[in-house]
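First the structure, in the form of structure tokens, and then the observations on it.
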Amino acid sequence: MIDLHLHTSASDGALRPADLVARAAAAGITTLSVTDHDTVGGLDEARSEAASRGLTLVNGIEITAVEDERDIHLLGYFFDPSDLILRAFLLRQRDDRIRRIREIADRLESIGAPIDREPLIARGLEEGRTVGRPHVAAALLARGYVQSWDEAFDRYLEKGRPAFVSRCGASAAQVVGVIREAGGLASLAHPGLSRIDAQIPGLARAGLDAIEVRHSEHDPPTEARYRALAATLGLAVSGGSDFHAEGSVRRSALGTVTMTAEDFRELEARRRA
């Protein structure tokens, strides 16, 4: 089985990279990609564990682009994690994440829901780890302001809610360029959630390599629609569970959303020398 969309504790997943790989192996996954948000900090540990178990690890990342105050997620595969341009770009992404956390915390304090921001900022500054709204949601839950992660977003953190702060960052086309310059392939993550169909042809012209058609929140008609769009635009497809934690109601269990070997071969065939 092949899963090219997995998260670890280097970003907003619950499991350490080695533990994630061990759980993936137990679920029958043989090829996987750790795609943490805006960081490659979990790759070395994941690669070591994958090698010890005879699994194939594809270098991966999920980078957030920003357009019209909306997040657009691009998955990167087969890139060089040591690429200097990529590394500099990810540092800028880290700095903006910390800026955003500070502003969110200020807004929460102003509406009577203060959180302890210092652990979040310290995490954001730690090498190889990122911080984001899910960590703020966890802080709100710990303080008793909400009863669930979903409630934290619905009441405070989604766009239009009182503590929402937009990102500042690169466009989707610029992120595609960064991934490709690092020798990688760029795939548009979960387009059924992003809902930017009108922009996909332009991204294809900018160098987008693939569309993520298999995803835990894509039903069969959604998968079929984006598979057809990928074929029309001459793009490959990718797929994965978007696993974050066991028992999560928002993402499927390991081994339940995977991509076919044929789809993987076609994606891998586009690798750059």
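Where a number appears in this text, it was derived from the coordinates with a stated rule and is not lab data. Model, not experiment: these values are computed from the prediction. Quick reminder, even Gly has a Cβ in these numbers, built from the backbone with ideal geometry, and neighbours come from all protein chains shown.
List of remarks:
- Relative packing of peptides 56-65, 116-125 - highest average C-beta neighbours within 10 Å first: 56-65, 116-125
- For V34, the residues whose amide H sits under 5 Å from its own are V58, G60, ignoring neighbours fewer than 5 places away on the same chain, with H placed 1.01 Å from N.
- Counting every alpha-carbon pair across the stretch 117-159, the share separated by more than 16 Å comes to 37%.
- The stretch 1-42 residues near the modelled A224 label - backbone nitrogen below 16 Å, point 7 Å along Cα→Cβ: none
- Charge sum, other residues only, whose C-beta stays under 12 Å from L15's C-beta, Lys/Arg counted +1 and Asp/Glu -1: -4
- Against the rule of thumb 2.2 N^0.38 Å, how large the Cα Rg of the stretch 54-147 comes out: 1.28
- Theoretical gain in end-to-end length, T256 to S171 [0.36 nm per residue, Cα-Cα removed]: 27.4 nm
- Extended-chain gain in nm, criterion 0.36 nm per residue less alpha-carbon gap, I85 and E118: 9.0 nm
- Label point of T232 set 7 angstrom out along Cα-Cβ; within the stretch 153-197, amide nitrogens under 19 Å from it belong to 188-197.
- Distance from the alpha carbon centroid of the stretch 197-273 to that of the stretch 88-113 works out to 30 angstrom.
- Mean Cα-pair separation over length for the stretch 90-157, i.e. relative contact order, pairs under 8 Å, 6 or more apart, %: 28 percent
- Dimensionless Rg ratio for the stretch 146-273, taking C-alpha atoms and the 2.2 N^0.38 Å reference: 1.17
- For the chain: relative contact order, % (alpha-carbon pairs under 8 angstrom, 6 or more apart): 22 percent
- Helix 172-181 axis, angle to the chain major axis (alpha carbon atoms, nearest 10°): 60 degrees
- Packing-based order for 32-41, 167-176, using average beta carbon neighbours within 10 Å, highest first: 32-41, 167-176
- The base-10 log of I(q)/I(0) for the chain, evaluated at q = 0.17 Å⁻¹, reads -1.44 [Debye formula, identical scatterers on Cα atoms, solvent excluded].
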